[in-house]
Amino acid sequence: MDAVVRERTLRAALVGNPNCGKTALFNQLTGSRQKVANYAGVTVERKEGRLTTASGLAVRLLDLPGAYSLNATSPDEAVTRDVCAGRYRGEAAPDLLICVLDATNLRLHLRFALDVRQLGRPMIVVINMIDAARQQGLEIDIARLQADLGVPVVTAIAVRRGGASEVLAALDHPLPPPPPVLPPDADFHAVVRKLLQDAVSRPATASEAFEERLDRWVLHPVWGMAILIALMFLMFQAVFSWAQPLMDGVQALVDQFGELVRGVLPDGVLQGLLVDGVIAGAGTVVVFLPQILILFLWILTLEESGYLPRAAFLLDRLMASAGLSGRSFIPLLSSFACAVPGIMATRTIQNPRDRLVTILIAPLMTCSARLPIYTLLIAAFIPRKTVWGIFNLQGVVLFALYIAGIVSAMAVARILKRGERASEHPLLLELPAYRAPGLRDLALGLWQRASTFLSRVGTIIVTLSVLLWALSSFPAAPAGATGPAIDYSLAGHIGRWMLPIFAPIGFNWQICVALIPGLAAREVAVSALATVYAVGASEADAAAQLTPLLSSQWSIGTALSLLAWYVFAPQCFSTLAVIRRETGTWKVVIIAAAYLFGLAYAASFITWRIALAFGGGPS
Amino acid sequence: MIETAIVVVVVACCSFYWLGRLAPSAVRPVWQSLSRALASVGAPAPMQRAVAGRLGARSGGCGACKGCDKGGGCH
């Protein structure tokens, strides 16, 4: 059937409490792939998508950050308040508010629906996660709720394909009239109690009892912390143990491709560019894809299951000891994937000083870009043996590096917040129901991570590898030169020029060269090292992989010093750019870069000196 | 000789890519000239659209994401 396209575009906005499924519904309706997770605070600003209903109505849909009320206490809640009230800069008030409620938590979410209704704008209510409510034995009388609220009410299962059909049908109806508004002195809690009494029946269920029992362990001050540490520890063990066969496979493919190109092309600059530049550079980084995917499989599973807010609750005391509130946990946790979304997620923090401190320490959380460097050096210098009977030593070292980042962040926060009174806003966190992670969501999340990583390899890393190859290959060695050609190249000169600065911390000139392109992104340092060593390699070891090359040419002290450098160094343009954008000043960027580089240099210096004292220097 | 020419072109393209990332305004005249040249020779529409897209591209973005919000936020 040919739908007649209406002339006007309907502007609708999704609003609701945090973690009620707004973004999942937004993705379902618009076909977008915005990040969703089973915890509050994933969306921190408005997002826009478009859809067309069956009757041809064009809808411009906004996904707004979750809010507990329209009296905003944080920057993200202010976005929701301003958009709903038509006060957001350059944005007219939406024609229709779509208030999304979690069917399993109506007591809390109906309170917000009443708040939205007070705006007196056309609205519909979507009871999301209706399947979860049914599983819990909840019976919701939709018709009664609709009559009591005075606005259209529909149900949805936002995470299921086709689960938003009732919402789509509701959009096709004429705009509902403005809803009735309660007097300003009305007791909203009493109204919610009446609505629940009239429209919802709730028998106690076995699953609820099980969740309560589980929470008794998971939220226990001692056992809960032990479970959290065990989960993190297992995660890093898995990164090394599970990924190895896959990494070996990818490495073999890269090696074979290099050999193929070497066999097809005659000796010359083009072969050098492809083999020593592109394949050695990008290929060395691609090998780490399995480890990154396994790390994210754990993180996404914990996100989806509903465990993460519980971890935030557990760590609130630890955060308080560093002068921060538990609200800093989600931004810092996001920073384990990448500091950019982590820094943006600080918008959920009301206290401006807490927010600034969280922004300053977020780059200390070990982002996934550090993983290639950590695993390269660990594989080269830490023996692959079992400790205490069950643990992989390499995994233990990786875990220690992550802990070093966390401890440093807490110490810096403590120093920055010294002498300040406790936060005025205590942590108020909604604990969602436990959920089995959906395979589709996990697969989608992993695909997005893989495509982002490969896209970075295909753009940033390949182009920098080519440029570094050119710098390492030209000018060519003069006639009669005895040393390796790279010694006479521009890169060789730059490396030696930087050496006086970095020699006191144990770095050689090849590392100095790799640090320059590594400013763009941390993992680029791996490809840069691969390119520098590939260009400088003799015929005999030209085919050797980077790991054995490093273990034969570097001392353990140099490797440990470089690891210490990367725990702190803010080698990421995107992170510095997002700090500028979120704080609106270059001053904070300069402070962040200066203190992080200072810490990196100090940590490397101490590590190098300790290594020298224990005989870990050059032999 | 051909090998050297290919290598020079590849290295120049990579340099141009990074110049565009670090100093977008410096490469804008190049895209503008290319856009005019393609229009004058009647180049295929997809090619013209691709170049026009580069002209309209924002300098922001994080990693592979270029979905910056009009308010300066990240999508």
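Roughly speaking, what % of Cα-Cα pairs in the range B:2-56 are separated by over 16 Å, rounded to a whole number?
Numbers: 769 of 1485 pairs.
For the range B:2-56, the share of Cα pairs beyond 16 Å comes to 52 percent.
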| query | Which of the chymotrypsin sites (Phe, Trp or Tyr not before Pro) found in the range A:377-484 are loop residues per DSSP with 10 or fewer other Cβ atoms within 10 Å of their Cβ? | reply | A:TRP388
| said: From the mean inverse distance of alpha carbon pairs (Kirkwood) and the Cα radius of gyration, derive Rg over Rh for the range A:262-307. | reply: 1.39
| task | Please sort through the DSSP H helices of chain A and keep those with an alpha-carbon extent of at least 27 Å along the long axis and a Kyte-Doolittle average not below -1.0. | result | A:243-264, A:393-416, A:586-613
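Go through A:355-361, B:44-50, A:276-282, A:484-490 and give me the packing order, highest mean Cβ count within 10 Å leading. It would help to have the intermediate numbers written out before the result.
Details: A:355-361: 24.1, B:44-50: 10.7, A:276-282: 26.0, A:484-490: 17.9.
Descending mean neighbour count gives A:276-282, A:355-361, A:484-490, B:44-50.
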| task | Compare A:MET232, B:MET1 by solvent-accessible area with a 1.4 Å probe and give them largest first, with all protein chains kept in place. | result | B:MET1, A:MET232
| request: Mind counting lysine pairs for me in chain A? Cα separation below 20 Å, and the two need to be 8 or more apart along the chain or on different chains. | output: 4
| message | Restricting the calculation to Cα positions, tell me the Rg (one decimal) and the Dmax (whole number) of the range A:46-143 in Å. | response | 14.7, 45
| query | Tell me, how many Å apart are the Cα centres for the range A:161-201 and for the range A:237-291? | reply | 57
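How well do other chains shield peptide A:127-136, expressed as the mean number of their Cβ atoms within 10 Å of each residue Cβ? Mind showing how you got there, number by number?
On the way: counts 0, 0, 0, 0, 0, 0, 0, 0, 0, 0.
Taking the mean over all residues of the peptide, I get 0.
Output the antiparallel fraction of DSSP beta bridges having both residues in the range A:9-203, as a percent to the nearest 5.
Numbers: 8 of 29 bridges.
Roughly 30 percent of the beta bridges in the range A:9-203 run antiparallel, per DSSP.
So which trypsin sites (Lys or Arg not before Pro) in the range A:102-205 end up in coil per DSSP with only 11 or fewer other C-beta atoms within 10 Å?
Numbers: sites: A:ARG107, A:ARG111, A:ARG117, A:ARG134, A:ARG144, A:ARG160, A:ARG161, A:ARG193, A:LYS194; in loops: A:ARG160, A:ARG161.
Within the range A:102-205, the qualifying trypsin sites (Lys or Arg not before Pro) (loop, at most 11 other Cβ atoms within 10 Å) are A:ARG161.
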| remark: Rounded to the nearest 10 Å², the accessible area of A:GLU303 using a 1.4 Å probe with every protein chain kept is 10
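What average count of beta carbons from other chains do you get within 10 Å of the Cβ of residues in A:459-469?
On the way: counts 5, 5, 0, 3, 9, 3, 1, 7, 6, 1, 4.
Mean partner-chain Cβ count within 10 Å for A:459-469: 4.
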| query | What base-10 log of the normalised intensity I(q)/I(0) is obtained for the protein assembly as shown from the Debye formula, alpha carbons as equal point scatterers, at q = 0.08 Å⁻¹? | reply | -0.71
| remark: Quick calc: nm separation of the 7 Å Cα→Cβ label points for B:SER15 and A:ARG580 -> 2.4
| the range A:357-417: trypsin sites (Lys or Arg not before Pro) in DSSP coil with no more than 15 other Cβ atoms inside 10 Å | A:ARG384, A:LYS385
| query | Counting DSSP beta bridges with both partners in the protein assembly as shown, what percentage is antiparallel, nearest 5? | reply | 35
| note | Taking the protein assembly as shown and counting helices only, DSSP H stretches of n ≥ 4 at -39,500 (n - 2.57) each over all residues, the nearest-500 ellipticity at 222 nm comes to -17500 deg cm²/dmol
| task | Quote to one decimal, in nm, the extra length available between A:ALA613 and A:ARG435 on full extension: 0.36 nm per residue of separation minus the C-alpha distance between them. | result | 58.9 nm
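The values are calculated or read from the model by the stated rules, or taken from the named source; none is laboratory data. What you see is a predicted model, and the numbers here were worked out from it, not measured in a lab. FYI the Cβ positions are ideal-geometry reconstructions off the backbone, even for glycines, and counts take in every protein chain you see. All accessible areas refer to the heavy atoms of the entire protein, side chains included, with ligands and DNA or RNA removed. Shrake-Rupley method; radii C 1.70, N 1.55, O 1.52, S 1.80 Å.
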